[in-house]
1. Measure of size requested: the Rg and Dmax of the stretch 429-537, with Cα atoms as the atom set and Å as the unit; please supply both.
2. State, in angstrom, two size descriptors of the stretch 74-127 derived from its alpha carbons: Rg to one decimal place and Dmax to the nearest whole number.
3. Through the Karplus equation 6.51 cos²θ - 1.76 cosθ + 1.60, θ set to phi - 60°, convert the phi angles of the stretch 366-382 into ³J(HN,Hα) values in whole Hz; use x for Gly and Pro.
4. Per 0.36 nm of contour for each residue apart, how much would the distance between residue 658 and residue 61 grow if the chain were fully extended, relative to their Cα-Cα spacing?
5. I'd like to know how the stretch 268-420 sits against the 2.2 N^0.38 Å rule of thumb: what's its Cα Rg over that expected value?
6. Please compute the Cα-Cα pair-distance distribution of the stretch 234-353 with 10 Å bins starting at 0, giving whole percents from short to long.
7. Rg and Dmax in Å for the stretch 47-104, alpha carbons only: what are they?
8. Which loop-located trypsin sites (Lys or Arg not before Pro) does the stretch 213-265 contain, where loop means any DSSP state but H, G, I, E or B and the Cβ has at most 11 other Cβ atoms within 10 Å?
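The values are calculated or read from the model by the stated rules, or taken from the named source; none is laboratory data. Worth saying up front: this structure is predicted, and the values here are computed from it rather than measured. No Cβ is skipped: glycine too gets one built from the backbone with ideal geometry, and neighbour counts run over all protein chains shown. Surface accessibility is based on the protein's heavy atoms, side chains included, excluding ligands, DNA and RNA. Shrake-Rupley method; radii C 1.70, N 1.55, O 1.52, S 1.80 Å.
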Amino acid sequence: MSMDRESMLLLPSVCALLADCDKPLPDDTSLEKLLDRLTELSECGVSLPESCPCLLDFIATVSYNTTCDPSIISFALKLSGLMAATDDGFRALQQERLTLDVYFNIQHWQDAGLWEDPCIRIGWIQGLRRMLLHQKALCFFVLSGSITTLLQLQTDTSLFVASAASQLLAHILITFQAAPSSSNMTYKEDASMKSSIASLHPDFSKDACPQYTDVVRQISDYIKESLVPKDCTQVPRSLQVLKLLALILDRAVPPLREQLLQAVAGSLEDLVEMGYSHLTPALMDVIMAVYSSDIDEGARLLSFMLSVNKPADLIHAAAAFLHRDHHDAVNSTQAVKILLMPIHICTDNSLLGTVPAEDRHHKLISAQLKSKTSFISMVCVCLRNAPQMALMPPNVLPCPPALIVHAVVSLLRCCNGDISSSNGCSDEAFRCIVACGKVQKCALDALASLSSSPGANTAMDEVFQVLILYMGNPDSDPTVLHKSYKALIQWMNLCADLPSISQQLREDVMMTVKKRVCDPRWEVRDSSVEFLAQLANVLSLKSTDKLSEDLLKACSTTPLLKAALQDPESYVRASAISALAGTLAPSWRQGAALHRDEADIVSQLLDILSEDTEGFARRAVVQYFISWFTSCSSPPLSQSSLLSDSVRTVLSRGSVDLDWEVKLNTLELAELLLDTALSGHPGYKKCWVPENGSGHPYAALPDRAYALHTCTNGQDATLDSALSFLVDQGVISALLSGLVDCDRPVGLKASRLLITVRDTVCPLLAGTTDERTAMAPSVSCELPRCDWGKEIRKMLKRTSSEEDEGQRVSVCKVLTSLGLDECLVLLSQSSDHVHNSFLSLLQDILSTRADHRGTDTDGDQGVIVDCY
């Protein structure tokens, strides 16, 4: 990568403009973009001092021009750090009127009254961070006394500054730590770690900056002294230091790690004893970082943490421990007992066996019943960890996993107001959780996940009953109802055979869903219709039996879903369409004859595709026909049928839709027809699909966007009829329309499919275009005079005299004359390749500054142009 000549000529003007800039640029992101471009050049091996000497002049000028806008000075600080990150840049800056000594001397900025601006402090930090990529820069940093300033910035009033300072401090310790010797390596380390650390600075161990050990000592002392707050006002400072310590310990190796642990171990114990709840999560991060590197010390601190007196801290500490990969039986058992205690107190399901009245944890957590908010918070933390606890080994879990499922069910009943299900639950605990939506949602999430726990099937009837209770409760919050449906589907998936569900439960599900589909709240209607679609999918995967069919038909009767197609809310209409596809799929697969109701549904769906004002429903319609097409073992497209006629209409309407996703879905349907028509031909190969299909459709694609697959066989009547079929069904029209579409994903898809058709049906033989076309199938298609037809004609460069309405043209001539390969290359590039260039950025900076200055005299706001 190098800078083009025009950019090199323009850069000095930009530097001169910025150096003379006493006001910020109208576009405040342009400087960051310029820095990014220069960084890319430097990382590609371009010597900035040699290639862009104007940058040195700019840095030197700004260092003494304290009237510059702070954003310009901040940019100059970052730029000086970028240039000093290389040996030649470091030398050049040191020789340029002691530029580095001026820039990174905070006294200089304080005297100018600029240090109070966070922009300057951020520039100073990030400039140092960029610079500290080689050993000379570290020595400069140490000798300049910058470590003192950096430690002071750890508690800066600006959170952005404090965070950046903390990251830089960790970077210095971790990057320049000496590579561990083989004798010092623990069982978790190996030679690859030693090599990776040494590779950061290969010469560091031989010729290290002698003052580095003083830096480590200063940082260690700072962490030790700052960990324990002297009063509540210093808690935020302790939190910041804990985050820093966790960051360092996660990546430090001996001897740095041992040195830090030795320095802070006592302070960590003091901090645990003080019991500041706000510090618990960060404190646990540090303890677990210690645990992962030194099990003995980590286990000691963890045991200490799990014996603190504040229940909320106990709960959060236990949860943090279980979320880590490293466990030991003693602390795992203790953590599980602590986390199960709140649920045990609420339901008395003997999760912990017989708990002595004098048990300290039981007494502490029970005391929290006086604080409803605190107790509910603890219960929710426990519920979120219940699925993980149910998978713990028997020597850790104090009860059978199925008992946890029963306890969650009991908790849900209590929340719903059923005090008879609370067993030994006290009135105080019952009052805390009854009608609590927060607990209900957490419990339903837990119940859904617990379906995969050992022995869960023994609680199936009980689970279904409580879920149906929630589904039938008219006061259930829409989110609670949605989670109830989700949990029910999870547990239905657990059933090896749905007849194991009692007939009464089946009838209850049917009755409840029918009511909910007509609920006045659209969220409830949507969740209910979605549930019908999910239920159809579950039943289709289970063994076929009459009871399963009865359940499906009773729950998803056609009138219910047909009515939902007219719902005023577009989400519900879309869900209803998806549910219909799911419920009708089994009959499609079996090739059953269509009922009158199904024909009416198709008519409604086609109306929705052309008339619905919301894209959600129109997308669902196209997906419906894709599902129908793919579900049929042998789609009857060779003759007139409801599916054949409908697909032709969908392609016609969907390809001109205003929603790009509808058009893209339409092209997927077109691809299915293309595959059906051409799959038997020896020269056919399916359209290339990117490996990373989950990427954003507007993102740039790899250079090779498709695989060429030429056809060398002679064209025959079969191929001719296949191409005629694609024309008659509207596939070719849909693809040509998509090729000139304004939405890039649509154009990309269409160009790939057109190339597939071209390379299959149009022989790539020697000779002129006319000679090759003469050998191709003589199938023609119509190019309408307006819309996409007009654009295709422009691409073909046809004369106006040939553009008669209704004229038909050879398909192969169109495909071979459109320049499809060039179209694909262009569409595969992001729009940035046109506008996001170094030259355009420099031009924009100059033009925006000119506009800004020009409007100063008029007193107007001016035109703000965004840089690429």
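1. Using the Cα atoms of the stretch 429-537, the pair Rg, Dmax is 13.6, 40 Å.
2. 11.0, 32
3. Karplus values, whole Hz, x for Gly and Pro: 4, 5, 6, 4, 6, 10, 4, 4, 5, 5, 4, 4, 5, 4, 5, 4, 5.
4. Working: separation 597, 0.36 × 597 = 214.92 nm, distance 5.40 nm.
Working it through step by step, the gained length comes to 209.5 nm.
5. On the way: Rg = 15.2 Å, N = 153, 2.2 N^0.38 = 14.9 Å.
Relative to the rule-of-thumb radius for its length, the stretch 268-420 sits at 1.02.
6. 13, 45, 30, 9, 3, 0
7. Answer for the stretch 47-104, Rg first and Dmax second: 10.3, 31 Å.
8. On the way: sites: 217, 224, 230, 237, 243, 251, 257; in loops: 230.
Of the trypsin sites (Lys or Arg not before Pro), the ones in loops of the stretch 213-265 whose Cβ has at most 11 other Cβ atoms within 10 Å are 230.
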